[in-house]
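Structure first, then comments.
The values are calculated or read from the model by the stated rules, or taken from the named source; none is laboratory data. Nothing here was measured: the structure is a model prediction, and the numbers come from that model. Glycine also receives a Cβ, built like all others from the backbone with ideal geometry; neighbour counts cover every protein chain displayed. We work out accessible area using only protein heavy atoms, side chains counted, and drop any ligands, DNA or RNA first. Shrake-Rupley method; radii C 1.70, N 1.55, O 1.52, S 1.80 Å.
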Amino acid sequence: MNLLPKSSKEFGSVDYWEKFFQQRGKKAFEWYGTYLELCGVLHKYIKPREKVLVIGCGNSELSEQLYDVGYQDIVNIDISEVVIKQMKECNATRRPQMRFLKMDMTQMEFPDASFQVVLDKGTLDAVLTDEEEKTLQQVDRMLAEVGRVLQVGGRYLCISLAQAHILKKAVGHFSREGWMVRVHQVANSQDQVLEAESQFSLPVFAFIMTKFRPVPGSALQIFELCAQEQGKPVRLESAERLAEAVRERQQYAWLCSQLRRKARLGSVSLDLCDGDTGEPRYTLHVVDSPTVKPSRDNHFAIFIIPQGRETEWLFGMDEGRRQLAASAGFRRLITVALHRGQQYESMDYIQAELSARVMELAPAGMPAQQQVPFLSVGGDIGVRTIQHQDCSPLSGDYVIEDVQGDDKRFFRRLIFLSNRNVVQSEARLLKDVSHRAQKKRKKDKKKQRPAEAEDLPAAPEQSIDKSYLCCEHHKAMIAGLALLRNPEQLPEIPLALLVVGLGGGSLPLFVHDHFPKSCIDAVEIDPSMLEVATQWFGFSQSDRMKVHIADGLDYIASLAEGEEAQPRYDVIMFDVDSKDPTLGMSCPPPAFVEQSFLQKVKSILIPEEPEIAWALGHMLPQEVLGRLRLEPGRQRL
């Protein structure tokens, strides 16, 4: 029997619903879930003694089950005379106080302020099928009537799929009336997600619109989102942000359904946010290994990345995560990165917090009640101590943090939060600082409390290990100096170096300390980075090392084109990235490898015998390296 309408417009037709209930008979039709699936939200927002009006009741058993658990002051209305007659016959004896009335919800016959709750399960969705003027006028009449029959402090509780046009209309209407608007996601188990014929998973939401007494001249609007029944609602700044948050949850539900159906979706990542603040708390990457043969115990595992190690290749890059998943031997591995600024008590605490969520991402074919292992490096969640946070007008928000490496040594890092998984600068801390940090952590463990940022020992300037280069490209650049002279003679040779890009200052500082006759000019476009390098990375200027606050492009151009233009540097090192987020990772930025700029670089390099001078670059592309060719007796770009 096909009960679906020929078009969505028929949902607003009296004739369609009369025919629908005649053909269906007395078998209950439940939109968007049964009482058991919705009772958590219903009991949260409806009190047993309140007067409840159910609009568009149909032949749902929801009112009957509410009545049976103590909600006995319920009036049900519907435009279908057939269904009202059926429901009266079914409930006349068993539920004598519950009323069923044939009534048009756009022209209700009740006096003003008759009810404390108006309950709508799918009715708004059925009426608001499009955004044509006639449809919107009908919905306006319906919502106006809901507002009229509700008392001040009363609630319109609407169960909906929250499609964009429905959410926009409902939120817009009631927020303009000065009502408080809350959207509450209904907690569904994995088996209760509503599956549409299009194979999308559609989460169910409850709109809770609370009627406030009108305040003349007040523009106050309240928008809240509650992601779970027992969670605290999160206040949002606008209707647009509320719609965005709902859309994110709909996308998550779709993603979960796709992951349940398909073995592979390519690279998938998502953030799980703190239910109270809305701030990202965990970043998950879903990694499938199609070459792993399925067995009883290798379907699914969770890998917790220790704090501070999410930037490592094995954890921070797609290829690394694929290698990790293959080594672990699971069909699907989810890696979990812990966010800075969040507190994590222990591995057990993280496991308890994540268990329900990650099970929604389990692969197809995983046996029911399968135990999912949580893995990590040595069972440890790692140590991250934020020493300083600030905002640079040029580079944006940044943090200085100390993290523990896999050898138990501590490292200090500069991270730009616009690219939070990339280490901008790094320095190793001396062993005494690492030892003090570990002792403090062990002491905190004995006290059964987490080590907090302000508790761990801060490393003063002299605690930086200036003899150690953390960055591999810095090591390569230093090794490149051997091309100038015999490596054994280099420390005694006066070298003139230009370093473009200061960061934490590790590279020019290493040259300064290990090549005592060198003179270094460092150019840094962001004055905040000079403060960072000086205060947190042990950098200091001297008579042999000066910092110039300027754009590296402009600085080199001024030397190459000025009145005193002449060769002056033995070595030029580029250690810069792009400040333009649209370029992604670009080191150096494209302007630094333009032919015209490279000619300027050439002009300020001092020719050596046999006329070889080097411009050492950070991650220069192959096509640029190809331009740097050396011929006997001359330097050629």
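The table for this structure:
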quantity	calculated
Condition broken by residue 318, with the remaining ones in (1) surrounded by fewer than 16 Cβ atoms within 10 Å (Cβ to Cβ); (2) modelled with pLDDT of 85 or more; (3) closer than 30 Å to residue 170 by Cβ; (4) among the charged types (D, E, K, R) satisfied	(3)
Residue count, the stretch 88-105 (criterion: open to solvent by less than 20 Å² (accessible area, probe 1.4 Å) and more than 17 Å from residue 72 (Cα to Cα))	1
Selection within the stretch 382-419 - within 15 Å of residue 503 (Cβ to Cβ), touching an Asp or Glu at 6+ places or on another chain (Cβ under 6 Å) and open to solvent by 40 Å² or more (accessible area, probe 1.4 Å)	394
Residue list for the stretch 277-292, restricted to those being outside any strand (DSSP E or B) and closer than 17 Å to residue 350 by Cβ	279
Options 330, 303; residue that is touching a Pro at 6+ places or on another chain (Cβ under 9 Å) and touching a residue at least 40 places away in the same chain (Cβ under 8 Å)	330
Residue count, the stretch 358-394 (criterion: under 15 Å from residue 332 (Cα atoms) and within 21 Å of the chain's Cα centre (by Cα))	5
Subset tally (residues that are surrounded by 21 or more Cβ atoms within 10 Å (Cβ to Cβ), part of a loop (DSSP other than H, G, I, E, B) and not charged (D, E, K, R)) for the stretch 293-314	3
Subset of the stretch 539-581 that is aliphatic (A, V, I, L, M) and either open to solvent by 40 Å² or more (accessible area, probe 1.4 Å) or within 35 Å of the chain's Cα centre (by Cα) (or both) - its residue that is nearest to residue 502 (Cα to Cα)	576
Pairs where the first residue, in the stretch 57-80, is farther than 16 Å from residue 116 by Cβ and buried (at least 23 other Cβ atoms within 10 Å of the Cβ) and the second is of a type in the set (S, T, N, Q) and modelled with pLDDT of 95 or more, C-beta under 6 Å, 6+ apart	57/76
Selection within the stretch 500-521 - crowded, with 22+ Cβ neighbours inside 10 Å, free of Cβ contacts under 8 Å to residues at least 40 places away in the same chain and not in a helix (DSSP H, G or I)	518, 520
Meets criteria (over 17 Å from residue 171 (Cα atoms), surrounded by fewer than 17 Cβ atoms within 10 Å (Cβ to Cβ) and either of a type in the set (A, V, I, L, M, F, W, C) or modelled with pLDDT of 95 or more (or both)) for residue 151	yes
Residue in the stretch 180-209 that is farthest from residue 362 (Cα to Cα), counting only those that are at pLDDT 95 or above and touching a Lys or Arg at 6+ places or on another chain (Cβ under 7 Å)	209
Within the stretch 352-368, considering residues that are under 13 Å from residue 282 (Cα atoms) and either touching a Pro at 6+ places or on another chain (Cβ under 9 Å) or in contact (Cβ under 8 Å) with a residue 24 or more places away in the chain (or both), the one surrounded by the fewest Cβ atoms within 10 Å (Cβ to Cβ)	357
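Quick grid of which residues meet (1) in a helix (DSSP H, G or I); (2) touching a helix residue (DSSP H, G or I) at 6+ places or on another chain (Cβ under 7 Å):
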site	(1), (2)
105	no, yes
109	no, no
112	no, yes
131	no, yes
142	yes, yes
162	no, yes
165	yes, no
